[in-house]
Amino acid sequence: FALISSFSHNNFGDLRMGSHGPNEYLRPEYTQRVDTVDWVFKNDDPLVQRPSGYSQINLMQKALFKPSRNLEVEYGFHYSTTSNYSRYDRLLRYSKGKPKSAEWYYGPQKWIMNNLSLTHNYATIIYDQLATRFAYQYFEESRIDRDFNKKERRTRIEKVKAYSSNFDFSKLLFSKHSLFYGLEFVYDDINSIGTNENISTKVVQEGPSRYPKSNWGSYAAYLTYQFKAM
């Protein structure tokens, strides 16, 4: 029986551009909401691309169990997420002398995976080695924006659930003849959601989604014959 664990946390501050960069990417001022009003504040250092910082967390846990000489079971759990992070180029747009957007950022990017694999080494009629893998993954990302001094905050969330399984077989037929074959199944469940929120009244209404809802499946099989001439 074996275990391995890993955890990391990173905190990235606002980017600082070079002094010879294009003036279009300078940040002489930035927006901030105070009470119920969006205000424009002077940036002390226009080279600092405020806001562009974000943080990230990564977690991994693996477990291996070998109950016998012929059987091996392995489980893996992976988790990764970011904080909100701004889309800097959208915050540089102006309209009638004022910033076009008070908010334009991506919500946390989340990824979760559960993976289970079994390997069986034992001579049978149909295989000498069998390797199976089952995995479930979950992805989530979102886009949030609000115009300057406007109350409507638009949120678009995308969620994907991905299921997969693999079966790989290998069989030695004779001393120089081998057979490799297997199956694969993949299924994705894609869900896109749109909401519009009034930040003053906190009333949330359904809005247009960024992508259509859909399901997607893939099924495959392979067969390989190997002959060693020498």
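Given only helices, namely DSSP H runs of n ≥ 4 each adding -39500 (n - 2.57), what is the per-residue ellipticity at 222 nm of the chain, to the nearest 500 deg cm²/dmol? Only helices count here, giving 0 deg cm²/dmol. Here the Kirkwood formula, the inverse mean of 1/r across different C-alpha pairs, assigns region 103-175 a hydrodynamic radius of 16.2 Å.
Entry note, the chain: relative contact order of 13 percent, from Cα contacts under 8 Å with a spacing of 6+ residues. Over region 29-122, calculate the relative contact order: mean separation of alpha carbon pairs under 8 Å at least 6 apart, over the residue count, as a percent. Worked out over region 29-122, it gives 27 percent. Take the Cα radius of gyration of region 20-95 and divide it by 2.2 N^0.38 Å, N being the number of residues; the result is 2.03. Rounded to the nearest 20, the Cβ-based charge dipole of region 21-172 about its Cα centre (Lys and Arg +1, Asp and Glu -1) stands at 440 debye. Give, rounded to the nearest 20 debye, the magnitude of the charge dipole that region 57-110 has about its Cα centre when Lys and Arg contribute +1 at Cβ and Asp and Glu contribute -1 at Cβ. The dipole magnitude comes to about 380 debye. Set against the 2.2 N^0.38 Å expectation for a compact globular protein, region 10-50 has a Cα radius of gyration ratio of 1.35. Computed 3J(HN,Hα) for region 47-53, one whole-Hz value per residue from the Karplus formula 6.51 cos²θ - 1.76 cosθ + 1.60 where θ = phi - 60°, is 6, 7, 7, 9, x, 9, x, glycine and proline marked x.
For trypsin sites (Lys or Arg not before Pro), the sites in region 116-195 that DSSP calls loop and that have at most 11 other Cβ atoms within 10 Å are LYS176.
Coupling constants for region 71-84 follow from the phi torsions by the Karplus curve (6.51 cos²θ - 1.76 cosθ + 1.60, θ = phi - 60°), and in residue order they are 10, 9, 10, 10, 10, x, 10, 10, 9, 9, 8, 10, 7, 4 Hz; glycine and proline get x.
Three principal axis extents of region 64-140 based on alpha-carbon atoms, in descending order, are 77, 22, 13 Å. With N counted as the residues of the chain, its alpha-carbon radius of gyration over 2.2 N^0.38 Å works out to 1.50. When Rg and the Kirkwood Rh are both derived from Cα coordinates, the Rg/Rh ratio for region 167-228 amounts to 1.52. For region 119-230, the carbon plus sulfur part of the accessible surface works out to 58%, probe radius 1.4 Å.
The values are calculated or read from the model by the stated rules, or taken from the named source; none is laboratory data. Model, not experiment: these values are computed from the prediction. Cβ sites come from the backbone with ideal geometry, for glycine too, and all protein chains shown count toward neighbours. Accessible surface areas use protein heavy atoms only, side chains included; no ligands, DNA or RNA. Shrake-Rupley method; radii C 1.70, N 1.55, O 1.52, S 1.80 Å.
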